[in-house]
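Reading through the structure tokens given below for one structure.
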Amino acid sequence: MAISGWFVAALAFGAVPLIITGQPIVLLGWIALLLVAAAVDLLLAGSPRKLAVQREVPSRVRLGETARTRLLVTNRGTRPVRGVLRDGWQPSAGASPSRFPISIPRGERRAVTAALTPFRRGERRTAAVTVRSFGPLRLAARQATLAAPGALRVLPPFNARKHLPSRLARLRELDGRTSVQVRGQGTEFDSLRDYVRGDDVRSIDWRATARKQDPTTPAGQKLVVRTWRPERDRRVVIVVDSGRTSAARIQDEPRIDTAFESALLLAALATRAGDRVDLLVYDRRVRGRVQGASGAELLSRMVDAMAPIEPELIEMDWSVVPGLVRQVTSQRSLVVLATSIDAPGASRGLLGVLPELTRKHTVVVSSVTDPSVLEASRDRSDRERVYRAASAERALLDVTRVSAAIRRSGAEVVTGAPQDLPPALADLYIALKAAGRL
């Protein structure tokens, strides 16, 4: 049962005759009259428990996009139901509106539609709807909560896909499918062709030259060179750290979300280049794994695996990572470690396993940096900001020290702000392909 604002207003109105007459009995009579009217109103209200609710909700939506959900409410009672329905979505689902006025005659069905614009990634759920059915006087209402479970999986937004066309164009240039001034390099043999001025003399195939006779030249021979193409069918293993450091927010985005954006852009680029991509999300247990997929299926499986993962407030166990990589592949691969390299102490575990990984693989450590730290190091307008700048300088020196230690271990380092890190990692991948290091 619930009372309405009309009941409260009518109860307050009872103070008027009390003031005029000065008799408390008048107020008591007014209260008694209101209670009787509310009881009659409650008896005449339609029963919300006689309603049947069906929910229609899409299974997935990208973060920042809007999905439509619909409730079909059927009145199986003998009285009409007039009142308010509240849908119980989590606040992070961004339901608008969350309350709906309803008027359902007996035996009929009505549909109510809401827009969901989630502002957090993951599973957004609702378990029930609450219906408040008022009587004809709208003084009191029956209230009931009806089970109507629903779930919406909110996928990573993949905003970094805007960088994909330009990086694919660079891959096509590298592969020789677009006319460019500079010939791409690689290590896989493609074909033979005649030598032209400007070719690298190291690419001359002397055996093919000896077999080819050209009567127009004085020596009767024409030089033949080998052409190369970038390597294909290589392995790319992406390991995302889901430990406590990945929960920090930089520019209102968790570090793990930036790591997911970088992984998606790299995976889209690598699979278009003919490489095979595998994903592991790990802290002290495997939180997500994608293996054996390619093309559009790869990205679909990756976003599905990433969607429900939230950082765990525990320390990352780096000692297990080399074994996890061995489980994925035994051949030389590009291993990308998406983590944080802010503090030397927290990076001790990472530095300990890098020599084991770099002995067999090409290793890249990807870390997001906070632009506000760099801004703070430059602002020294007063005493408080001087101390803040000193702290920021110390943080930047720590990042520099850890980056230098990673490079001494034979790995590459790529850092950047949340919007800059995904394209920077993609550029490094293309540079490694061009250098024949994959």
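Name the one entry in 340, 381, 366, 391 that is touching a helix residue (DSSP H, G or I) at 6+ places or on another chain (Cβ under 9 Å) and free of Cβ contacts under 8 Å to residues at least 24 places away in the same chain. None of the others qualify; the one that does is 391.
Taking the stated definitions as given, is residue 399 farther than 19 Å from residue 237 by Cβ, crowded, with 19+ Cβ neighbours inside 10 Å, in contact with a strand residue (DSSP E or B) (Cβ under 8 Å, 6 or more places away or on another chain) and assigned by TED's automatic domain parsing to the domain that holds residue 414?
Considered against the rule, which asks whether it is farther than 19 Å from residue 237 by Cβ, crowded, with 19+ Cβ neighbours inside 10 Å, in contact with a strand residue (DSSP E or B) (Cβ under 8 Å, 6 or more places away or on another chain) and assigned by TED's automatic domain parsing to the domain that holds residue 414, residue 399 comes out as yes.
Scanning the range 248-303 for residues that are in contact (Cβ under 8 Å) with a residue 24 or more places away in the chain, basic (Lys, Arg) and touching a Leu at 6+ places or on another chain (Cβ under 8 Å) yields a single hit, 272.
Given 24, 17, which one is in contact with a helix residue (DSSP H, G or I) (Cβ under 8 Å, 6 or more places away or on another chain), surrounded by fewer than 12 Cβ atoms within 10 Å (Cβ to Cβ) and at pLDDT below 90?
Just a single option satisfies the conditions, and that option is 24.
Comparison of 169, 147, 141, 210 shows that the only residue that is at pLDDT 70 or above and either touching a helix residue (DSSP H, G or I) at 6+ places or on another chain (Cβ under 7 Å) or surrounded by 14 or more Cβ atoms within 10 Å (Cβ to Cβ) (or both) is 141. The set of residues in the range 246-256 that are surrounded by 21 or more Cβ atoms within 10 Å (Cβ to Cβ) and not aliphatic (A, V, I, L, M) comprises 246, 255.
Scan the range 379-438 for residues that are within 28 Å of the chain's Cα centre (by Cα) and modelled with pLDDT under 90 and the total you get is 2. Counting only helices (runs of 4 or more DSSP H) wholly contained in the range 1-60, the ones carrying 3 or more residues that are closer than 30 Å to residue 87 by Cβ occupy 5-13, 24-44. Pairs meeting the criteria (first residue in the range 85-114 and at positive phi, second residue at pLDDT below 95 and among the aromatic types (Phe, Trp, Tyr), beta carbons under 9 Å, at least 6 apart or on different chains) are 94/119. Taking the numbered list (1) farther than 26 Å from residue 419 by Cα; (2) modelled with pLDDT under 95 in turn, residue 321 passes all entries but (2).
Yes or no: the range 405-412 includes at least one residue that is more than 18 Å from residue 337 (Cβ to Cβ), in contact with a helix residue (DSSP H, G or I) (Cβ under 9 Å, 6 or more places away or on another chain) and surrounded by 13 or more Cβ atoms within 10 Å (Cβ to Cβ). Among the residues of the range 405-412, not one is more than 18 Å from residue 337 (Cβ to Cβ), in contact with a helix residue (DSSP H, G or I) (Cβ under 9 Å, 6 or more places away or on another chain) and surrounded by 13 or more Cβ atoms within 10 Å (Cβ to Cβ), which makes the answer no.
Results for (1) of a type in the set (A, V, I, L, M); (2) touching a strand residue (DSSP E or B) at 6+ places or on another chain (Cβ under 8 Å), shown as yes or no for each residue.
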position	(1), (2)
318	no, no
325	yes, yes
329	no, yes
332	no, yes
337	yes, yes
349	no, no
354	yes, yes
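The values are calculated or read from the model by the stated rules, or taken from the named source; none is laboratory data. Since the structure is predicted, the reported quantities are computational estimates derived from the model, not experimental observations. Ideal geometry is used to build each Cβ from the backbone, glycine not excepted, and the neighbour counts take in all protein chains shown.
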